[in-house]
Amino acid sequence: MDKLLIEGGTQLRGEIAISGAKNAALPLLCAALLTREPLTLTNVPDLHDIDTMLRLLTQMGVKVSREKVGAGGTASASSAVTLDASGLDNPLAPYELVKTMRASVLVLGPLAARCGEARVSLPGGCAIGARPVDQHIRGLQAMGAEITVEQGYVHARTTAAGGKLKGARLFTDMVTVTGTENLMMAACLADGESVIENAAREPEVVDLANCLIAMGARISGAGTDVIRIQGVDRLSGTTHRIMPDRIETGTYLCAAAATGGAVRLTNTSSSYLDVVIDKLMDTGCEIGLERSAIHLQAPARLKAVSIRTAPYPAFPTDMQAQFMAINTVADGTAIMRETIFENRFMHAVELIRLGADIKIDGNTAFVTGVEKLDGATVMATDLRASASLVIAGLAAQGETIVDRIYHLDRGYEQMETKLAALGARVRRVK
Ligand code: UD1
């Protein structure tokens, strides 16, 4: 199993390019299932989760061609991917693939809409919480799908004549990002109008809606909490550029902040990062915004900042762990409240091993900054937790070994290459 070896204490300086957004790319790849025509996506990040999704689509009969365009380092290693689902003949997502990536459930809606049938393994629990998919299932049932759960598989079947789903009012009990995306995709080919209430407003939902609209879907309201979709008979192909990864952007800004550095991140946008940027400014960082770049200059010593995670446009749960890392070396005590996932503080115990002062009470962490962290061996437990350990390792004195970095490879493109381009002393060991 690969590990990351970090010699801490170097300020990050320089410029790197941000990759396309993983959480936009995954649903966009699934959107290809909705049409018989080729869909081309550009700025697709080179990540394990993308490989998993492409394997899943390929075994369903989708033809995939992938052209790598970037060289890595300061450039992004992104690809252009063309998907042709005209030969889609196996609407099945097997456990072996779904268990490694929860977002596989995003095939459920498109398959039910296009094939009138889908068999998708239940994703099961994951490290950060139970994460059920009941809202996805309930929405499809409201659209007329008959759903049974047998032997760990969700089996969806449309019963209406012509095998179509029917438009419906869809209300989710909580804001769910992939739930909104699944139901929005399914509704594109349903009979009549669907309205998703309490919809997720995340920028990735908007990116997906924009691509679907370019494919001929009739969607309004994406980016608000009410999305209306008028079903159409068929969708066509298109070419769509995936939005920049706002979480990757925020992660490198935190890494620069924690090391007292100065970085410029290109190929990105501040428009989806308002609260993250506000919070970084509260730590004392100076931030400069350009049209497609962000510049950060860290102060000699950060100030602690309190956060509370909540659905967009509030502070993203996917940035909580990275902010915990910077709070460990800031002046003062931060109160950090996690409201989305019930078990998302696993990085805290590892940060404590590096010398951090953190107390956990339920969904609240109290983080008091220490003078310095000391390198140690730590274990990555999930994707964003891993990023927080890397940030802490960069800020710590001495050597930190981050074990189990396969989590990082799921969601960060060439992390060690990008960090090295910013002057970090970091290398991967087998
Ligand atoms: C997406 C993101 C993930 C991010 C999360 C919250 C992708 C591929 N992943 O995950 O990076 O951390 O949003 O911003 O985009 N829930 C239910 N029943 C459901 C669906 C969700 O109880 O049917 C609960 C979840 O357990 C969680 C909350 O709702 O507590 C929000 O989860 P959700 O927005 O669905 O997360 P994902 O879409 O899986």
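Within 28 Å of residue 212 (Cβ to Cβ), out of contact with any His (no Cβ under 6 Å at 6 or more places or on another chain) and more than 16 Å from the ligand (Cβ to nearest atom) - does that describe any residue in the stretch 280-300?
yes
Does the stretch 262-287 hold any residues that are part of a helix (DSSP H, G or I) and either aliphatic (A, V, I, L, M) or buried (at least 17 other Cβ atoms within 10 Å of the Cβ) (or both), and which are they?
275, 276, 277, 279, 280, 281, listed by residue number.
Starting from residues that are farther than 20 Å from residue 392 by Cα and hydrophobic (A, V, I, L, M, F, W, C), keep the ones in the stretch 306-330 and report whichever is surrounded by the fewest Cβ atoms within 10 Å (Cβ to Cβ).
To start, the set of residues in the stretch 306-330 that are farther than 20 Å from residue 392 by Cα comprises 308-315.
If we keep only those that are hydrophobic (A, V, I, L, M, F, W, C) too, we end up with 310, 314-315.
Values: 310: 16, 314: 14, 315: 24.
It comes out as 314.
Report yes if some residue within the stretch 63-74 is farther than 30 Å from residue 420 by Cα, within 16 Å of the ligand (Cβ to nearest atom) and at pLDDT 95 or above; otherwise report no.
Looking for residues that are farther than 30 Å from residue 420 by Cα, within 16 Å of the ligand (Cβ to nearest atom) and at pLDDT 95 or above, one finds none in the stretch 63-74, hence no.
Going through the stretch 145-172 one residue at a time, which ones are crowded, with 16+ Cβ neighbours inside 10 Å, more than 18 Å from residue 228 (Cβ to Cβ) and among the small types (Gly, Ala, Ser)?
If the condition is that a residue be crowded, with 16+ Cβ neighbours inside 10 Å, more than 18 Å from residue 228 (Cβ to Cβ) and among the small types (Gly, Ala, Ser), then 145, 156 are the ones that fit.
Within the stretch 161-187, how many residues are more than 13 Å from the ligand (Cβ to nearest atom) and either closer than 17 Å to residue 123 by Cβ or touching a strand residue (DSSP E or B) at 6+ places or on another chain (Cβ under 6 Å) (or both)?
Total meeting the criteria: 7.
State which residue pairs qualify: first residue more than 6 Å from the ligand (Cβ to nearest atom) and inside the stretch 132-145, second residue open to solvent by 10 Å² or more (accessible area, probe 1.4 Å) and assigned to a loop (DSSP other than H, G, I, E, B) in any location, beta carbons under 7 Å apart, and separation of 6 or more residues or different chains.
142/168; 143/168; 144/159; 144/160
Restricting to the stretch 238-261, what's the tally of residues that are assigned to a strand (DSSP E or B) and buried (at least 24 other Cβ atoms within 10 Å of the Cβ)?
Of the residues in that region, 1 qualify.
Could you check the stretch 288-324 and list, in sequence order, the residues that are outside any loop (DSSP other than H, G, I, E, B) and more than 24 Å from the chain's Cα centre (by Cα)? Quick ask: steps written out before the conclusion?
Looking only at the stretch 288-324, we keep the residues that are outside any loop (DSSP other than H, G, I, E, B), and these are 288-289, 293-297, 302-303, 307-309, 315, 317-324.
Those that are outside any loop (DSSP other than H, G, I, E, B) and more than 24 Å from the chain's Cα centre (by Cα): 288, 297, 302, 303.
Give the residues of the stretch 344-384 that are in contact (Cβ under 8 Å) with a residue 60 or more places away in the chain, in a strand (DSSP E or B) and surrounded by fewer than 18 Cβ atoms within 10 Å (Cβ to Cβ), sorted by residue number.
368
The values are calculated or read from the model by the stated rules, or taken from the named source; none is laboratory data. This structure is a prediction, so every number in the text was calculated from the model and none was measured. Positions of Cβ are generated from backbone atoms using ideal geometry, with glycine treated the same way; all protein chains shown enter the neighbour counts. Protein only, heavy atoms only, side chains kept; ligands, DNA and RNA dropped before computing areas. Shrake-Rupley method; radii C 1.70, N 1.55, O 1.52, S 1.80 Å.
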